[in-house]
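The values are calculated or read from the model by the stated rules, or taken from the named source; none is laboratory data. As the structure is a computational prediction, the values presented were derived from the model and not from experiment. Cβ atoms come from the backbone with ideal geometry, glycine included; neighbour counts cover every protein chain shown.
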Amino acid sequence: MTKFSSFAQTLQSSDIADLLALTEKPEVISFAGGLPAPELFPIEEMKKVDQAIYEKEGRKAVQYGTTEGYVPLREEICKRMKNKFFVDCEPKDVVVTTGSQQALFILSQILVDMDQTVCMESPSYMGAIMAFDPVRPKYIEVPTDDKGIVPEELDKILAADDSIRMIYVIPEFQNPTGITWPIERRKQFMEVINKYDVTVLEDDPYGEIRYDIEKLPSLKSMDTQGKVVFLGSFSKIFMPGLRLGWIVANPQIIDKFVKYKQAVDLGTSTFGQRQAAYFCQMFDMEKHIKEICALYAKRRTLMYDSMKKYFPEGVTFTYPQGGLFTWVTMPEKLDAKEMMPKCLAKNVAYVPGGIFYPNGGNGNHFRLNYSNMPEDRIVEGIKRLGDVLKEELSK
Ligand SMILES: Cc1ncc(COP(=O)(O)O)c(C=O)c1O
């Protein structure tokens, strides 16, 4: 028998993971994953990109690179940080990561010790909980409302616990709720965190996928004390399989982060980084993002209208102005995990909401993704979910 570390022993398969595995069957209309629409991956353009990389850089393109990342890509990221997130930064402030998922893991490793506290919005991205778990932190869930985190509640929590090292937030088109913090909320949040000795992880993989809302300043753009680490990603605006993300942080954090990342993977794929940088140079990334936004906005509206039509009274849902998800709240007597087998029997699936709460509970929610399913399947899937909801509520 292999003897595992105590952390590895905690890695058990869960009944939710078993249920989610069933959602991958082709006959299932799955609103479960957070997958981009594959029909928009720019495959023809990438054939030209790959050829250009080999012609221009030859073998250098597949040699090891620096841990910080390929400089032209970091320069491109700085331009995007300025234009999209209102942040002034230079390549030295940026590290390219193997997806923002890796950044979540490394940041928790360098900022938090076992039994110290991590604060996150309630609910929050389950992948972040997974990334932070190896540190074995305590989690405090900060109450949220329809405008995002509630700053007064965060203030009380921070005042009461000096073991809090890290606050993890998703201010734009949150995963799972789809909620975006208005500017006032962002300012109030920054006023609160500036009073305490904590680091904020601002995770923003969806900020460029916006439909009917002006760009808002990121928390990092309001950060006067170097407390905010910005996490960006190419997964949703480009292609997730390249596994490309980045952080922008203060020099001390960059230094520790790079040292830790060296141990993890030496550096992010040198070829993949060139693919993103060359694509931005050779093609129009903004046009590409506009096409993504147009398709997802159409699917968002269709899903929303279908829910209004087919979901029974008492079931509420968010209207996201960007991102990939909407969040459904059922009357408390219903439990989304228990309801899942009934939905799977009708070949339709979602993610039960309980797993987005690090301390559990809250079974009466579920998350729906609208980016990945074609329009006819969205309408049919929501109709089937509506049927199950009506049946369950009539009991
Ligand atoms: C909020 C959030 N952060 C991070 C990630 C991970 O993204 P990446 O593909 O860049 O690792 C995701 C993926 O869905 C996400 O929703």
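Numbers for the structure displayed
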quantity	calculated
Options D212, D155: the member that is farther than 22 Å from W246 by Cα, charged (D, E, K, R) and in a loop (DSSP other than H, G, I, E, B)	D212
Options L216, L158: the member that is of a type in the set (A, V, I, L, M), surrounded by fewer than 24 Cβ atoms within 10 Å (Cβ to Cβ), in the same structural domain as L107 (by TED's automatic domain parsing) and closer than 30 Å to K287 by Cβ	L216
Failed criterion for P176 (all others in (1) in a loop (DSSP other than H, G, I, E, B); (2) away from the ligand (no atom under 12 Å from the Cβ) hold)	(2)
F325, sole failed condition from (1) modelled with pLDDT under 95; (2) buried (at least 18 other Cβ atoms within 10 Å of the Cβ)	(1)
Which listed residue is of a type in the set (A, V, I, L, M, F, W, C) and within 14 Å of the ligand (Cβ to nearest atom), from M126, M166	M126
Close pairs (8 angstrom Cβ cut-off, 6 or more residues apart or separate chains): within 14 Å of F356 (Cα to Cα) in the stretch 173-185, away from the ligand (no atom under 12 Å from the Cβ) and of a type in the set (A, V, I, L, M, F, W, C) anywhere	P176/W327; T177/W327; G178/W327
Where a residue in the stretch 49-63 is in the same structural domain as F238 (by TED's automatic domain parsing) and over 16 Å from L73 (Cα atoms) and its partner, wherever it lies, is small (G, A, S) and in a helix (DSSP H, G or I), with Cβ under 8 Å and at least six apart	Y54/A61
Residue check, S306 of a type outside the set (A, V, I, L, M, F, W, C) and either in contact with a helix residue (DSSP H, G or I) (Cβ under 7 Å, 6 or more places away or on another chain) or on the phi > 0 side of the Ramachandran plot (or both)	yes
Top-ranked residue in the stretch 226-247 [being within 10 Å of the ligand (Cβ to nearest atom) and among the small types (G, A, S); ranked as surrounded by the fewest Cβ atoms within 10 Å (Cβ to Cβ)]	G241
